[in-house]
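Notes for the one structure printed next.
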Amino acid sequence: MPRYAYVNGRYLPHEEATVHVEDRGFQFADGVYEVVTIIDGHLADEQGHLARLDRSLRELAIAWPVKPPVLRLIMRELIRRNRLRNGTIYLQVTRGAAPRDFAFPKAPAGTLVLTTRRVSRFGAPKQLDEGVGVITIPDIRWARRDIKSVALLPQVLGKQRAVEAGAFEAWQVDPDGTVTEGCSSNAWIITGDGMLVTRAPSNRILSGITRQSLIRLAAENGIAFEERSFTVDEAKRAREAFVSSASTFVMPVTRIDGTPVGDGRPGPVGRKLRQAYIQYAQQGPSVR
C-alpha cells in the first residue's frame with residue numbers, strides 16, 4: 001500500500017516528499033513539531049497538541065502556515081490516505097525557505113510537513129510486563145525546553161547513550177542532581193508513601209500533553225499527586241517509576257542506572273494510569 005506525506009499543500013508519495021535545501025528547519029533547526037497518537041481510529045489529546053503547537057509558534061514568532069481548522073482537515077485526510085487506525089501523525093512547521101541568514105527573512109512563507117507511522121501495538125508486551133531501564137545523564141540542552149523545537153541534538157546523543165547501555169530511555173539531570181525529564185518523555189516516581197511526583201512545568205522541561213492528561217486522570221482516580229523536583233537518589237528509592245509520552249502513554253521503569261526500582265517489577269499505580277489513559281484516548285476525536 002502506498003504511503004503518503006503532506007508538504008506545503010500537496011499529498012505526495014512518501015519517497016517523493018521533500019523540502020527546499022535552504023529551509024530554515026534544515027539549516028538552523030528553526031522550527032517546531034508535535035506528535036499526535038491515533039488509537040483505534042481516535043486522535044489522543046488532539047486539542048492539547050495543537051494548543052501547544054500554537055504556543056511554540058508564538059514563542060518563536062513563526063506564523064501558522066494554515067489555520068488550525070484547516071490543519072485538522074489535513075491531518076484527517078493524510079490519515080485516511082494512509083488507512084491508519086493505530087499509529088502516530090507527525091507535524092512540523094518551520095519558518096520556511098530563505099537565503100541563509102541568521103536574521104528572520106522579511107516575508108517568510110512557512111513550511112508545513114506531515115507524516116504518519118503505523119504502530120501495531122503501543123509498547124511491547126515484555127516491556128509492559130517487566131518494565132524498562134533508564135540511565136541518567138547531564139542535561140546539556142538550551143534554556144527554553146518548554147518550546148517543542150526541532151533542535152533535538154542533545155536528546156539524540158542521550159538516546160544513543162541509552163541504546164548503547166541497553167536502556168529504554170535516558171533521564172536528563174540538572175547540576176543540582178534533580179531529574180528534568182527523559183530525552184523524549186516526562187519522568188515520574190511514586191514515593192514510598194504513595195505520592196505520585198513529577199517535575200513542575202517551567203522552561204526547564206517540556207510540559208507533555210500526555211503528562212497533563214495523566215495529572216487529571218490521577219485526580220479522578222484518587223491518586224495523591226505533587227508537582228516538584230526529585231533527585232536521582234530519591235528516584236532509586238521510589239516505590240515505582242515510569243515515563244510518559246504521546247507514543248508510550250505510561251511505560252514502567254524498573255531500573256535506574258542498573259538499580260532496581262521498588263521490587264523491580266511494574267507497580268499498580270503506573271498500570272492503573274496507563275489503563276485510564278488508554279480508555280480516555282479511545283474517546284478522543286474520530287479521524288473520520
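I'm trying to understand the selection: among the residues of segment 82-132, which are polar (S, T, N, Q) and out of contact with any Leu (no Cβ under 9 Å at 6 or more places or on another chain)? Please lay out each step first, then the result.
Step one: of segment 82-132, the residues polar (S, T, N, Q) are 82, 86, 88, 92, 94, 111, 115-116, 120, 127.
If the condition is that a residue be polar (S, T, N, Q) and out of contact with any Leu (no Cβ under 9 Å at 6 or more places or on another chain), then N82, N86, T88, T111, S120, Q127 are the ones that fit.
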Looking only at segment 7-47, how many residues end up being crowded, with 19+ Cβ neighbours inside 10 Å and closer than 30 Å to W142 by Cα?
12
Can you list residue pairs whose Cβ atoms sit under 9 Å apart, with the first residue in segment 222-236 being closer than 17 Å to P138 by Cα and the second being of a type in the set (G, A, S)? Count only pairs 6 or more apart in sequence or on different chains.
S229/A200; F230/A187; F230/A238; T231/G177; V232/G177; D233/G177; A235/A187; A235/A241
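Among the candidates I189, I209, single out the residue that is touching a Gly at 6+ places or on another chain (Cβ under 6 Å), modelled with pLDDT of 95 or more and surrounded by 14 or more Cβ atoms within 10 Å (Cβ to Cβ). Quick ask: steps written out before the conclusion?
On the way: I189 fails: touching a Gly at 6+ places or on another chain (Cβ under 6 Å).
Of the residues listed, the single one that is touching a Gly at 6+ places or on another chain (Cβ under 6 Å), modelled with pLDDT of 95 or more and surrounded by 14 or more Cβ atoms within 10 Å (Cβ to Cβ) is I209.
Of everything in segment 133-154, what is closer than 28 Å to V93 by Cα and either modelled with pLDDT under 95 or surrounded by fewer than 19 Cβ atoms within 10 Å (Cβ to Cβ) (or both)? Give them in sequence order.
Scanning segment 133-154 gives I140, W142, A143, R144, D146, I147, V150, A151, L152, L153, P154.
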Quick one: in segment 80-108, which of the residues that are under 19 Å from the mean Cα position of the chain (by Cα) and of a type in the set (A, V, I, L, M, F, W, C) is nearest to D54 (Cα to Cα)?
V93
Taking V163, is it surrounded by fewer than 15 Cβ atoms within 10 Å (Cβ to Cβ) and at pLDDT 95 or above?
yes
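Among L12, L53, L60, L43, which is outside the structural domain of V250 (by TED's automatic domain parsing), touching a Leu at 6+ places or on another chain (Cβ under 9 Å) and not polar (S, T, N, Q)? Reasoning before the result, please.
On the way: L12 fails: touching a Leu at 6+ places or on another chain (Cβ under 9 Å); L60 fails: touching a Leu at 6+ places or on another chain (Cβ under 9 Å); L43 fails: touching a Leu at 6+ places or on another chain (Cβ under 9 Å).
Just a single option satisfies the conditions, and that option is L53.
Regarding segment 111-118, can at least one residue be identified that is in a loop (DSSP other than H, G, I, E, B) and hydrophobic (A, V, I, L, M, F, W, C)?
Of all residues in segment 111-118, those in a loop (DSSP other than H, G, I, E, B) come to none.
Within segment 111-118, none of the residues are in a loop (DSSP other than H, G, I, E, B) and hydrophobic (A, V, I, L, M, F, W, C).
Can you find, within segment 111-121, the residue that is nearest to I39 (Cα to Cα) among those that are in contact with a strand residue (DSSP E or B) (Cβ under 6 Å, 6 or more places away or on another chain) and of a type outside the set (V, I, T)?
Looking at residues that are in contact with a strand residue (DSSP E or B) (Cβ under 6 Å, 6 or more places away or on another chain) and of a type outside the set (V, I, T), I get R118.
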Considering segment 153-192 alone, what residues qualify as being assigned to a loop (DSSP other than H, G, I, E, B) and either at negative phi or in contact with a Leu (Cβ under 8 Å, 6 or more places away or on another chain) (or both)?
A165, A167, F168, D174, P175, D176, C183, S184, S185, T191, G192
Condition broken by K126, with the remaining ones in (1) at pLDDT 95 or above; (2) in a helix (DSSP H, G or I); (3) basic (K, R) satisfied:
(1)
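Considering P260, P268, which residue is farther than 20 Å from E169 by Cβ, more than 21 Å from the chain's Cα centre (by Cα), outside the structural domain of T88 (by TED's automatic domain parsing) and modelled with pLDDT of 95 or more? Working first, answer last.
Values: P260 fails: farther than 20 Å from E169 by Cβ.
After applying the criteria, what remains is P268.
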Given the options V113, V93, V134, name the one that is touching a residue at least 24 places away in the same chain (Cβ under 8 Å), outside the structural domain of F242 (by TED's automatic domain parsing) and touching a helix residue (DSSP H, G or I) at 6+ places or on another chain (Cβ under 8 Å).
V93
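The values are calculated or read from the model by the stated rules, or taken from the named source; none is laboratory data. From a predicted model like this one, the values you see are computed outputs, not experimental measurements. Reconstructed Cβ throughout: ideal geometry from the backbone, glycine too, with neighbour counts over all protein chains shown.
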